[in-house]
1. If you scan the stretch 59-87, which residues turn out to be in a helix (DSSP H, G or I) and crowded, with 21+ Cβ neighbours inside 10 Å?
2. Could we say that Val193 is in a helix (DSSP H, G or I), open to solvent by 30 Å² or more (accessible area, probe 1.4 Å) and farther than 18 Å from Phe119 by Cα here?
3. Name the single residue, out of those in the stretch 1-58 being outside any helix (DSSP H, G or I) and not small (Gly, Ala, Ser), that is surrounded by the most Cβ atoms within 10 Å (Cβ to Cβ).
4. For the stretch 94-119, name all the residues that are open to solvent by 10 Å² or more (accessible area, probe 1.4 Å) and either of a type in the set (Lys, Arg) or under 30 Å from Ala220 (Cα atoms) (or both).
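The values are calculated or read from the model by the stated rules, or taken from the named source; none is laboratory data. Note that this is a predicted model, so its numbers are computed, not measured. As a convention, Cβ positions derive from the backbone with ideal geometry for all residues, glycine included, and neighbour counts pool all protein chains shown. Surface accessibility is based on the protein's heavy atoms, side chains included, excluding ligands, DNA and RNA. Shrake-Rupley method; radii C 1.70, N 1.55, O 1.52, S 1.80 Å.
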Amino acid sequence: MKALFAEFFGTFWLVLGGCGSAVLAAAFPQVGIGLMGVALAFGLTVLTMAFAIGHISGCHLNPAVSIGLWAGGRFEAGKLPGYIVAQVLGGIVAGGVLYLIASGKAGFDVSAGFASNGFGEHSPGQYSMLAAVVCEVVMTAFFLIVILGATDSRAPAGFAPIAIGLCLTLIHLISIPVTNTSVNPARSTGVAVYVGGWAVAQLWVFWVAPIVGALLGAFAYKVIGSKD
């Protein structure tokens, strides 16, 4: 239960910190943090939580990561349902807190996006569904390679949170224009349920593509990281 609560609070922090930076601070008049600031915010949520709860739950914060770690032989299958439920609930509760904060400003319109992930007309750069799928699969695959490599027993000890946090920052710098960057079904679900409509209709892509990418990343690391 401690691990599940850790995953809940960790994912809560990821969604509140990452999506909150996008909704509240990205385009704030004259002093907005912009794309780079949002990317850094997502990376910082993972870096800080990895140090805070990594020793409790492993700090997955992401159903795709949990599945990828299972595929990579680093996580027990029996723990997957509990972790995924805790992560999704953490994301949804964080989305609710962010909604309460954001709606305190006059003119707030949740239908404008609310940091939701999307493709086509709902992609920040108007990218197609195919582009979105390819982007999410590739980004998540490399995220898993970095996670598996940084946490390998042969890697320098103590630096994994930094590598993983910076990797997520880089992923966002690349892919925010394409999909608003998911690579995490819990992050996508956490805000999509408040937007409804198109965000929920397109949500399946941001479950399927990251999970496929995570499985591919786990397979790739088994090939290149084998100790044989």
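1. If we filter the stretch 59-87 for residues that are in a helix (DSSP H, G or I), which is where we start, we get 63-71, 77-87.
Scanning the stretch 59-87 gives Pro63, Ala64, Val65, Ser66, Ile67, Gly68, Leu69, Ala71, Tyr83, Ala86, Gln87.
2. Numbers: in a helix (DSSP H, G or I): yes; open to solvent by 30 Å² or more (accessible area, probe 1.4 Å): yes; farther than 18 Å from Phe119 by Cα: no.
No: the conditions fail for Val193.
3. Ile33
4. Lys105, Phe119, listed by residue number.
Conditions (1) at pLDDT 95 or above; (2) open to solvent by 20 Å² or more (accessible area, probe 1.4 Å), marked per residue:
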site	(1), (2)
Gly158	no, yes
Ile171	yes, no
Arg187	yes, no
Gln202	yes, yes
Pro210	yes, no
Phe219	yes, yes
Ile224	no, yes
